[in-house]
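These notes are about the structure you will find just below.
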Amino acid sequence: MNIYLDDKRIPNMSHSDVKGLGDAYSSNDKWIIVRDYFKFVDLIDKSFDKIELVSFDHDLSCFKKVYGVKEEFTGKTAVDYLINYCLDNNKKFPNWYVHTDNTSGRGNIIGAIINYLKVIEGYDISQFRYYHSGIINNKLV
């Protein structure tokens with residue numbers, strides 16, 4: 001299963017012949033489209049072992065009051081949850097791609113994943129560069 005985390009867009013807006021992962025990933029029927037953080041968490045908890053790929057947006061327009069304070073839940077928050085899930089359950093981080101247009105959000109998501117892969121999974125990230133947006137089947141994309 002491929003998960004496309006984005007509050008507004010559909011996969012062909014992020015993955016096409018000129019953008020993202022290409023035409024092979026542009027069809028909606030190749031993805032489970034998840035619109036908010038809480039549905040993402042639910043899907044991770046119920047179906048982690050079925051995940052092949054996660055494509056992340058950063059700005060999810062997802063808010064909840066936590067202890068009386070409005071808190072925002074972003075693609076970075078989703079990545080943090082996924083990292084903690086992997087740690088707690090001794091799982092490998094799935095294939096991933098960051099399709100967000102938010103420049104600082106992109107850096108935050110990629111930084112968190114790369115740090116986890118390097119420190120926890122022992123992944124050699126020496127070839128990872130600023131223009132890479134993910135890792136699929138141990139290949140930089």
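Scan the stretch 1-32 for residues that are touching a Pro at 6+ places or on another chain (Cβ under 7 Å) and in a strand (DSSP E or B) and the total you get is 1.
Pairing residues of the stretch 35-58 that are farther than 9 Å from residue 3 by Cα with residues that are among the small types (Gly, Ala, Ser), at Cβ distances under 7 Å and at least 6 apart in sequence or on separate chains, gives 37/78; 57/75; 58/75; 58/105. Within the stretch 66-77, residues that are assigned to a loop (DSSP other than H, G, I, E, B) sit with their Cβ atoms under 7 Å from residues that are surrounded by 13 or more Cβ atoms within 10 Å (Cβ to Cβ), at 6+ positions apart or across chains, in these pairs: 74/58; 74/59; 74/60; 74/105. Scanning the stretch 59-76 for residues that are crowded, with 19+ Cβ neighbours inside 10 Å and either modelled with pLDDT of 95 or more or within 18 Å of residue 135 (Cβ to Cβ) (or both) yields 60, 73, 74, 75, 76.
When you look at residue 89, is it out of contact with any helix residue (DSSP H, G or I) (no Cβ under 6 Å at 6 or more places or on another chain) and either within 25 Å of residue 13 (Cβ to Cβ) or polar (S, T, N, Q) (or both), yes or no? For residue 89, the condition - out of contact with any helix residue (DSSP H, G or I) (no Cβ under 6 Å at 6 or more places or on another chain) and either within 25 Å of residue 13 (Cβ to Cβ) or polar (S, T, N, Q) (or both) - is met. Within the option set 30, 92, being open to solvent by 80 Å² or more (accessible area, probe 1.4 Å) and either among the β-branched types (Val, Ile, Thr) or touching a Cys at 6+ places or on another chain (Cβ under 9 Å) (or both) holds for one residue only, 92.
The values are calculated or read from the model by the stated rules, or taken from the named source; none is laboratory data. The structure presented is a predicted model; accordingly, all values stated were derived computationally and were not measured. Methodologically, a virtual Cβ is constructed for each residue, glycine included, from the backbone with ideal geometry; neighbour enumeration extends over all protein chains shown. Quick note on the areas: whole protein, heavy atoms, side chains included, nothing else; ligands and nucleic acids left out. Shrake-Rupley method; radii C 1.70, N 1.55, O 1.52, S 1.80 Å.
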